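For reference, the structure is listed below as structure tokens.
Coordinate-derived values only; no laboratory data. What you see is a predicted model, and the numbers here were worked out from it, not measured in a lab. Virtual Cβ from ideal backbone geometry, glycine too; neighbours counted across all protein chains shown.
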Amino acid sequence: MKKFYFTMMAAVCCLALVSCGDDEPTHITYKSVDLGLSVKWATMNVGALKPEDHGQLFGWADSTGSHKKFDNITISYRQDGNFETTIVNWNSVYFGGKSPLTNISGTEYDIATYQWNANWRMPTLDEWNELINRCTWSLETNANGTVSYRVTGPNGNHIILPMTGIRATSETESGRNTMGYYWTSELLPQSQQAAEHYESTVPCAAWCVKFTETQQPALTTAIRCYGLAIRPVAR
């Protein structure tokens, strides 16, 4: 009976999104900022405790955040002139499966909705474009040593986007504090894969945003099983 009681208490702690340490529980409050855009942006990443934290890296359409291995996914490369083609053989049911949705924002595949609550969702391609093109991006180093961009909206309000790094084929995180990778909610259509130098019989990539200390934010793509950061927007 005691074992069952402690198991239930552990589950409650996880569901309540609190820290069950020796100190008082730390309740996470999710806040949004009105930047003067079409949507309000969250003040921190999924998996973070405060705005300057990196948060966690997730595969696209992995609402549980538990799939880090490339199960039934093989990736190789071929040099074609000046470009490297990424060859992806996709037989996985994870990260949206073989027939993924074109837009997972607010769906069962959206980790912002699944891990936070129904008031939150992943941003779309247009919403990221708006953040990139209508805001001022200024590089800064935070008090805890993380390198971020301060993104200031047309109305003067701002959010912080840390340099999160990426988890790619090595399955280990790299590039933290030197580059930021953030998912959008939208799939790269199979018809556009060749232009982005992918070769696959199924849609294998999704749109994301990349920035570095020397490169301003720009839209790019990444294979769906790669681990990137998530910055939610409010519904």
Item to check | Pairwise centroid distance, computed over Cα atoms, of the stretch 181-211 with the stretch 81-95, Å | outcome: 10 Å
Checklist entry - Can you give me the relative contact order of the stretch 150-235 as a percent, contacts being Cα pairs under 8 Å and 6 or more apart? => result 27 percent
Next on the checklist: Taking 30 Å as the cut-off for C-alpha to C-alpha distance, list the pairs among Lys40/Lys69; Lys31/Lys68; Lys31/Lys210; Lys31/Lys98 that go past it.
Outcome noted: Lys40/Lys69; Lys31/Lys98
Item to check | Under the Debye formula (equal points on every Cα, no solvent term), log10 I(q)/I(0) of the chain at q = 0.08, 0.12, 0.13 Å⁻¹ | outcome: -0.31, -0.69, -0.80
Next on the checklist: Sequence gap at least 6, Cα distance under 8 Å: using those rules, report the relative contact order of the chain to the nearest whole percent.
Outcome noted: 24 percent
Next on the checklist: Taking the Cα centre as origin and putting +1 on Lys and Arg beta-carbons and -1 on Asp and Glu beta-carbons, what dipole magnitude results for the stretch 79-221, to the nearest 20 debye?
Outcome noted: 280 debye
Checklist entry - What residues of the stretch 145-165 lie in the reach of a label at Thr136, counting those whose backbone N is under 18 Å from a point 7 Å from the Cα along Cα→Cβ? => result 148-161
Checklist outcome for this item: Ranked from fewest to most other Cβ atoms within 10 Å of their own Cβ, Phe70, Phe58 fall in the order Phe70, Phe58
